[in-house]
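Have a look at the structure below before the remarks.
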Amino acid sequence: MNMVVQPSDTDKYVRAINASKSVHWEIDRDVIRGRRFDLSKKYLPDGLSLVSEMTTLSAAERRLVSQIQGRTYANMFGLVERFITAKLLEVGREHSLGDQNALEAFVRFSDEELKHQTLFRRIDAMMGEAMPSGYRFDVQPDMVARAVLSKSTWAVLVLTLHIELFVQNHYRQSIEPDGELSELFKDVFLYHWKDECQHVVLDEMEIARHNATLTEKERDVAVDDFIALAAAVDGILQAQATSDAMYFVANCGRAVPFDECEQVRQQILRAYRWQYIFSGATHPRFRAILGAMITGVQTKRIEAALATLN
Ligand SMILES: [Fe+2]
Ligand SMILES: [Fe+2]
């Protein structure tokens, strides 16, 4: 008789610690390595920027869109990692007098997310040296984090899992296979991906632990909180799509007719919704984990809310 022995939680924490140690990297030594960004290569791959749908644009204009979206991509991670770190430090404290492997795993998780925020601030500044002036990313990480952290822990953990899972798909399916990207951009997200692979393991364990403590009523409220968070993310995406479309129009080197400006804005918004909402919401692992925690009615409620964003 074959018996499958499931690893215990402490085994999983030990594995996460070992994985964290084995992939450890430094921003300058491993990622940047004295390199700079230039404008001859794409930054964000077509699979994420969806520039192949922007049929009114020339090849050079599409490359500029991929660079603008790539800069926003780095800034978006810098933004969400503020609340992710704060929430994981909060839930990690619950292990402070218990399993010390769990505590170490969360300390390492937080340390890595702080390093990612530093990396993404550097990347924004470095891209700023290469790109024309006028790019804006005006969302304040602390303000967003305060709003997000006012929602239930369940909703914040589900949003975090969603983000950390789509990071993996983005890298494996779009960034890694695209041979035309800036090597530096590619390396930034290679090293980020290495850390996020083990973060997902901790996210899943923490959600399961927290989910088991909720009453049905509390979980139902948390589902509404998750929907509110998705709507808040969309509000940020709408503002940034408008800002990035205006920056494109100001720097693409030709007079863009009004209708085409609006079309570019809508196409960028569609790409951002794909990147930050739908590529995660349709991720099979995310659907499986979420589906196992909530009722069919609650699943439909989430799907109906997300459908309004199309
Ligand atoms: Fe990260
Ligand atoms: Fe992470």
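The values are calculated or read from the model by the stated rules, or taken from the named source; none is laboratory data. Please read these numbers as outputs of a predicted model, since none were measured by experiment. Please note: Cβ atoms are built from the backbone with ideal geometry, for glycine as well, and neighbour counts cover all protein chains shown.
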Note to self: Residue under question is Ile163, and the condition is that it be among the aliphatic types (A, V, I, L, M), within 19 Å of Glu303 (Cα to Cα), within 15 Å of ligand 1 (Cβ to nearest atom) and in contact (Cβ under 8 Å) with a residue 12 or more places away in the chain; does it hold?
What the structure shows: yes
Next item on the list: Scan the range 29-40 and give yes if some residue there is within 16 Å of ligand 1 (Cβ to nearest atom), within 30 Å of Phe248 (Cα to Cα) and either among the aliphatic types (A, V, I, L, M) or in contact with a strand residue (DSSP E or B) (Cβ under 8 Å, 6 or more places away or on another chain) (or both), otherwise no.
Entry: yes
Next item on the list: Could you check, for the range 160-183, whether at least one of its residues is aliphatic (A, V, I, L, M) and more than 18 Å from His283 (Cα to Cα)?
Entry: yes
Notebook entry, point to check: Right, Ala125: within 15 Å of ligand 1 (Cβ to nearest atom), surrounded by fewer than 23 Cβ atoms within 10 Å (Cβ to Cβ), at pLDDT 95 or above and not basic (Lys, Arg) or not?
Noted result: no
Notebook entry, point to check: Out of all the residues in the range 257-268, is one or more closer than 15 Å to Met76 by Cα, part of a helix (DSSP H, G or I), away from ligand 1 (no atom under 16 Å from the Cβ) and within 21 Å of the chain's Cα centre (by Cα)?
Noted result: yes
Next item on the list: Kindly provide the set of residues from the range 194-214 that are within 16 Å of ligand 1 (Cβ to nearest atom) and either buried (at least 19 other Cβ atoms within 10 Å of the Cβ) or not in a helix (DSSP H, G or I) (or both), ordered by number.
Entry: Asp195, Glu196, Gln198, His199, Val200, Leu202, Asp203, Glu206
Next item on the list: Consider only pairs whose beta carbons are under 7 Å apart and that are at least six residues apart or on different chains; among these, list those whose first residue lies in the range 196-210 and is under 16 Å from Asp11 (Cα atoms) and whose second residue is assigned to a helix (DSSP H, G or I) and more than 14 Å from ligand 2 (Cβ to nearest atom).
Entry: Val201/Lys12; Glu204/Ile289; Met205/Asp9; Met205/Lys12
Check: Could you count how many residues in the range 62-76 are surrounded by fewer than 24 Cβ atoms within 10 Å (Cβ to Cβ), within 18 Å of Gly47 (Cα to Cα) and within 16 Å of ligand 1 (Cβ to nearest atom)?
Finding: 1
Check: Hey, among Ser174, Ser182, which residue is more than 16 Å from ligand 2 (Cβ to nearest atom) and either touching a Leu at 6+ places or on another chain (Cβ under 6 Å) or within 21 Å of Tyr13 (Cα to Cα) (or both)?
Finding: Ser174
Check: So, in the range 269-301, of the ones that are modelled with pLDDT of 95 or more and not in a helix (DSSP H, G or I), which residue ends up farthest from Val201 (Cα to Cα)?
Finding: Thr295
Notebook entry, point to check: Among the numbered criteria (1) farther than 16 Å from Leu290 by Cβ; (2) in contact (Cβ under 8 Å) with a residue 40 or more places away in the chain; (3) of a type outside the set (A, V, I, L, M); (4) surrounded by fewer than 22 Cβ atoms within 10 Å (Cβ to Cβ), which single criterion is violated by Arg219?
Noted result: (1)
Notebook entry, point to check: Any chance the range 224-245 includes a residue that's touching a helix residue (DSSP H, G or I) at 6+ places or on another chain (Cβ under 6 Å), within 30 Å of Ala102 (Cβ to Cβ) and within 16 Å of ligand 2 (Cβ to nearest atom)?
Noted result: no
Next item on the list: Run down Gln173, Gln168 and say which single residue is surrounded by fewer than 22 Cβ atoms within 10 Å (Cβ to Cβ), within 12 Å of ligand 1 (Cβ to nearest atom) and among the polar types (S, T, N, Q).
Entry: Gln168
